[in-house]
Amino acid sequence: MHAIELSHVTKIYQRYSGRQFATLKSALLQRSILRDLRPDEVFPALNDVSFSVPKGSTYGVIGRNGSGKSTALKLVAGITKPTTGTVDVKGRISALIELGAGFHPEISGRENVFINGIMLGLTRREIQRRFDEIVEFAELQDFINAPVKTYSSGMYMRLGFAVAIHVDPEVLLVDEVLAVGDEAFTHKCLDKFAEFRRKGRTILLVTHSLSLVERFCDDAIWLDRGQARIHGDPRRVVDAYLTAVEESDEQQLATVTARAVAAEAAAPRSGEEGSDAPADMFQAVEGRWGSREVEITEVSMLDGTGRPSFVFHSGAPMSVQIKARAHSPTDDFVFGVSLFNTEGVCCYGTNTFLEDMEPQRLAGDVKVMFTVESLDLVEGTYKLDVAVHKRDGYPYDYHRLLYTFRVTTRARDIGIYRPRHHWSFEGPIVFRTRKSTKSEENARLPAGGVAVLDAPEAAAYAERERASGRRVVFTNGVFDLLHPGHVRYLQQARELGDRLIVGVNSDRSVRINKGATRPITPEYERAEILSSLACVDAVVVFDDETPLAIITAIQPDVLVKGADWAEDAIVGREVVEERGGRVVRVPVEDGHSTTRLVERIRQSGPGVDRPNSGRDPRA
Amino acid sequence: MLGNLLRLVRYRGLIVSLVARELKARYRGSVLGFFWSFINPLLLLAIYSFIFLKILPNREEALKPFPLFMACGILPWTWFSASLTEASGSLIAGGNLIKKVLFPAEVLPLVSVLANMMHFLLALPVVVVLIVVFHRMPEGVGLVWFPGVMLVQLIFTAGLALALAALTVHFRDIRDILANVLMLWFFVTPIIYWYQQKEVQYYKEFFDLNPFSHLAIAYQEILFFEGPFGHWKWIVALGVASIGVFLAGYWLFDRLRDSFAEVV
C-alpha cells in the first residue's frame, strides 16, 4: 500500500514577468487587466512525474537546484496544487520545509511552540503532552520562556524542527533541513528519522546529501529539470545522477575553455618578444603570449579512449594533444606542459628539453601528444599550461591556464597528489568494513584483507593481484543462507588459485531470478558474511541478472561454478577462456540447498514467512 | 467553497491562538501594555474634541456632549479601517506560512479583523468613562442591539478583508489605494458630524448608500441618542447584505487561493 502517490503530475508555474511592475492603476488605464491576469510565460517545474512511496518506506529525491524537488514536496504537502495529474497522500503529513515558519519573534518560545503546533495540526492538549519532550529535543530548556527574537538562528531552527517532528505524522516530508545544528543535533535528527522508520512511518526526503540518500533511503528518484530521470535503488540513482553531473561539468568546462581560448585569440597581439608575458612566470595569470613563429593551433585533452574530455577520473589516463604550426621551419623549439590546481599551485610541469629531447627540426603542421598514464590527482579543478618556446625561454606561443579540466573521484582524500597506495596490517588489528558510503571505499581497498567491493574496485583488485603474480579465482552465487555446502565449495574454489573473489547477486537480481520471496538475507549482509570467511578474499555485489559483466571486468584466471551447471551453460566462459583462463566445475555436495532450507523454515512455523523487503540494514 | 468554509470551523483553535498572539505580541515590551488599546482612542478623541469644540465648533445642540458622540463613531471606525489595512497586507506578511506550511490562508485576514475587534472591545471602556463623566446613561433596551450591530460589522468587515487580502497579493497598490479610500470614506460617514444635520440632508440618498453610515448611526443611537433604537431595520438589511459581502469575498478568496503560494 502506498502512502504517497503522484501520477502524471505536471506543475506549471506561471511567470507574470510583464506584470512585474504593472499596477492596478495601469492595468485599469490600459484596460489590460484581463490580459495581464493571464501569464506571459509558463514554466513547467514538474513534467509528468509519477512515483509512489510505499507505506513505511523512506524515499529520497535528488537533483540539481531548480530540478523541481521542492515543488514535488510542496505538492505532496498540499501547499500547491498540481496543474494536471493527481497527488494522493494517506495520513497526517508534517512538512519540514521551512523550520519555524510562523514563529512570532516577539513572543516566547513556549507560546510559539503552542501556536506552531496548532498550525501543524495538533490540538492544544496534544502539545501540552509533548511539550517537555519538544523542549528537551530542541535543547532549549533554559530559554523556552525568552522571546524567540533573542534566539540564535540555530536555536530557532532546532525549535522549529522539534515541533515539526513531534507532530508525529504518518508521512514526514523533509526538505534539506538536516543542517540545522551541530553534529550532535544532526545525529539526534537522524536517530529520530530512524525511529520514524521503525514505527513504519513514511519519509520523503529531499536532499543534496547523496550519502544520506544512499544510507537512509529504500528508494530514490532523480529529478532533472522537472522530469523523473530514474527511480529505484538509491545507489543506482545516485550513480546515475553523479554520472550526469560529470557530463554537465564537462559541458561547462568545455564552454569555459572555449571562451578563454577565444578571448585570448581575439585580444590584440602586442609586438615582439611577447611583451605581455607576465613578469613573474610563476604567477598564475591566464593569458597567451609569444611571437607565434610557431603557433599552437589547438589543444585538447583526451581520455583513455582518445576522446576529447574535460572530466577525468582520478587514476585514469589523460593525454594532452597539441596541434602546432611552424610558419617557418625552425630547429629551436621546446614543447612544455604543466598542471595547476585552483590555488595556482603548479602540480607538475615538464617540457621536451628537460626530458632530454634535443630539437632538430620543426616545419609545417605537427601534432604533439603528452600522455599521463595515470592521473594521480585528488578531486578538483585543474588548469593546464601549454607552450612552445625556444631553448632559452623565448616564447613562440605560450598558453597560460587556458585549459580547464576536472578530476573526480569518490574518495575524500586531501592534498594534490594521490600516490598509488594500499594499507596492510600485521598483528592483532581488526577493522570492520565501512559500507556506509561509497566515497569511503577507496580507503578500504584491501591488500591482504577482505572487503566488499564494487565492480571497478574488484577489477582493480584483480588486476593488482594478477600483476603480483597471483592467480585470481572468481565464482558467483546468491549465498542467501550460508550452509556448509557453500563453505566447502568456496574452500575448493580458493584452492584453485591464490585469491578468491566472490560475486554476490544483488537483491534485485535475486528477485528477478528466484522470485519476490527471495532473498531472505539482504545483499549487504550476505556480502558481509561471505567476506568473513577465511577462504574468501573479496566480495563484489553485482546487479545484473547474469555475472557476465562482472566476469568481464574482473577477468579471472579461474572461473568456478558448481558441477550442476553444464559446461556450456556457464556464463562468462568465453571471456575467461579467451584470456587463457580456465573454467572449473566443482562438485556440489548433496543435502545442502538454500531453497530447501528456506522451505524447511517456512514449514516449521509462522513468523518467518514475511518476504524480505531487501532493505539496507545499515540504516 | 462550502467545504473550505466549513473547514474554517475546524481552525477556530488556530484563529483564537493567533488572535491572542497578535494581541500579546503587539504590546510586548511596552510599559503600558494593553492599556494602550485604551489610551490610543482616548488621545484621538481628545484631538478631535479640541478641533471640533474649539477650532471648528459644531454648534448642533443635539450632539452635546460632543466627545461621547464622536467616541460612538470613531471606535468602530478604527476597528473597521485598521482591520482592512492590516488584512490587505496579511497574506504578504504571512507569505512564509502560505508558501512553506500547509496553512489555511483565510485565517490570516480573519485574524486581522478579529484582533482589531479585540482592540475595539478593549477601547470600549473609553465610552464607559465618558458616559460616567457626562452622566448620559444609554437606554437598556437599545444596548441589547449592541452585539448584533457588532456582529454585522464583523461579517461585513471580514468579507471586505478577505477580498482585499486576496487582491492585494496580485495588486500590491491596493494597500496605498486603500489608505486613501479609507480617508475619504471616514469623512463621508457621519462620524464627526450628525447625519440629521441640515447640510447632510441634501445628500441623504448618498449617505444611505454608505454601509458604514448605518453602522455609525446604529452605534450612536444605541450609546448616545435618547429614544428607542430606530435604525434597526437598516441594520437587519445591512446584516443580510453583509452575509452576501462575506460570501462574495470568500468566493473571490477561494478562487485566488491556489495562486497565493506562487505569487506571494
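Couple of notes before you dig in:
- Evaluated with a Cβ-only charge set (Lys, Arg +1; Asp, Glu -1), segment B:1-77 carries a dipole of roughly 440 debye about its Cα centre, given to the nearest 20.
- Other residues lying with their Cβ under 12 Å from the Cβ of B:TRP234 contribute a combined charge of -1, Lys and Arg counting +1, Asp and Glu -1.
- Helix runs (DSSP H) in chain B reaching 30 Å along axis by Cα, Kyte-Doolittle at least -0.5: B:66-93, B:107-134, B:145-170, B:232-263
- Chain-alone versus full-assembly comparison, segment A:63-104, residues with accessible loss of at least 10 Å² (1.4 Å probe): A:LYS74, A:ALA77, A:GLY78, A:ILE79, A:THR80, A:LYS81, A:ILE97, A:GLU98, A:ALA101, A:GLY102, A:HIS104
- What the phi angles of segment A:98-115 give under the Karplus curve with 6.51, -1.76 and 1.60, with θ = phi - 60°, is a coupling list of 10, 6, x, 4, x, 5, 9, x, 7, 9, 6, x, 4, 5, 5, 4, 5, 5 Hz, glycine and proline written as x.
- When only the Cβ of Lys, Arg, Asp and Glu is charged (+1, +1, -1, -1), the dipole of the protein assembly as shown relative to its Cα centre reaches about 3360 debye.
- Largest accessible area first, the listed residues A:VAL89, A:VAL576 line up as A:VAL89, A:VAL576 when surface is computed with a 1.4 Å probe on the assembled protein chains.
- Solvent-accessible surface (1.4 angstrom probe) belonging to B:ASP254, in square angstrom, nearest 10: 30
- Within the accessible area of segment B:106-235, the carbon and sulfur atoms contribute 73%, probe 1.4 Å, all protein chains present.
- Checking the cross-link pairs A:LYS90/A:LYS514; A:LYS90/A:LYS188; B:LYS54/B:LYS198; A:LYS367/A:LYS390; B:LYS198/B:LYS233 against a 25 Å limit on the alpha carbon distance flags A:LYS90/A:LYS514; A:LYS90/A:LYS188 as lying beyond it.
- Here segment B:21-74 has 68 percent of its accessible surface on carbon and sulfur atoms, given a 1.4 Å probe and all protein chains in place.
- Per-residue ellipticity at 222 nm computed for chain A from its helices equals -9000 deg cm²/dmol, with DSSP H segments shorter than 4 residues left out and the rest contributing -39,500 (n - 2.57).
- Burial annotation for segment B:98-128: residues with an accessible-area loss of at least 20 Å² between the isolated chain and the complete set of protein chains, computed on heavy atoms with a 1.4 Å probe, are B:LYS99, B:LYS100, B:VAL101, B:LEU102.
- Here is the list for segment B:148-226: chymotrypsin sites (Phe, Trp or Tyr not before Pro) lying in DSSP coil, each with at most 14 other C-beta atoms within 10 angstrom of its C-beta, are B:TYR202, B:TYR203.
- Cβ-placed point charges (K, R +1; D, E -1), dipole of segment A:198-273 about Cα centre in debye, nearest 20: 720
- Ratio of Rg to Rh for the protein assembly as shown: 1.13 [Cα atoms; Kirkwood radius as inverse mean 1/r over pairs].
- Size-normalised alpha-carbon gyration radius of segment B:170-264, reference 2.2 N^0.38 Å: 1.39
- Residue (of B:PHE66, B:ALA87, A:GLN128) at the positive-pole extreme of the protein assembly as shown, dipole from beta-carbon charges: B:PHE66
- For the chain pair A and B, buried accessible area totals roughly 2500 Å², probe 1.4 Å, rounded to the nearest 100.
- Candidates B:PRO109, B:PRO76, B:PRO57: whichever shows maximal mean-square fluctuation once chain B is modelled as a Gaussian network with Cα springs under 10 Å: B:PRO57
- Bridgeable aspartates and glutamates around A:LYS81 (alpha carbons under 13 Å apart, same-chain partners fewer than 8 residues away excluded): B:ASP258, B:GLU262.
- Residue-normalised accessible area of the protein assembly as shown, expressed per residue, 1.4 Å probe, Å²: 48
- Comparing each chain alone with all protein chains together (probe 1.4 Å, DNA, RNA and ligands left out), the residues of segment B:19-61 losing at least 20 Å² of accessible area are B:ARG21, B:LYS24, B:ALA25, B:ARG28.
- Computed accessible area, A:LYS561, all protein chains, 1.4 angstrom probe, square angstrom: 20
- The portion of the accessible surface of chain A made up by carbon and sulfur, rounded to a whole percent, is 51 (1.4 Å probe; DNA, RNA and ligands excluded).
- Dipole of the protein assembly as shown, positive end: most advanced residue of A:VAL167, B:THR78, A:TRP565 [Cβ charges, Cα centre]: B:THR78
- What the phi angles of segment A:194-204 give under the Karplus curve with 6.51, -1.76 and 1.60, with θ = phi - 60°, is a coupling list of 4, 4, 4, 5, 4, 6, x, 7, 9, 10, 10 Hz, glycine and proline written as x.
- Loop-located trypsin sites (Lys or Arg not before Pro) across segment B:144-233 with a Cβ neighbour count of 16 or fewer within 10 Å are B:ARG172, with loop assigned by DSSP.
- Of B:MET1, B:MET137, the order by accessible heavy-atom surface (1.4 Å probe, DNA, RNA and ligands excluded), from most exposed downward, is B:MET137, B:MET1.
- Heavy-atom SASA rank of A:CYS535, A:CYS346 (probe 1.4 Å, accessible area, largest first): A:CYS346, A:CYS535
The values are calculated or read from the model by the stated rules, or taken from the named source; none is laboratory data. Predicted model, so just to flag it, every value in this text is computed and none were measured. Ideal geometry is used to build each Cβ from the backbone, glycine not excepted, and the neighbour counts take in all protein chains shown. The protein model used for the area step is the full one, side chains on, heavy atoms only, and it has no ligands, DNA or RNA in it. Shrake-Rupley method; radii C 1.70, N 1.55, O 1.52, S 1.80 Å.
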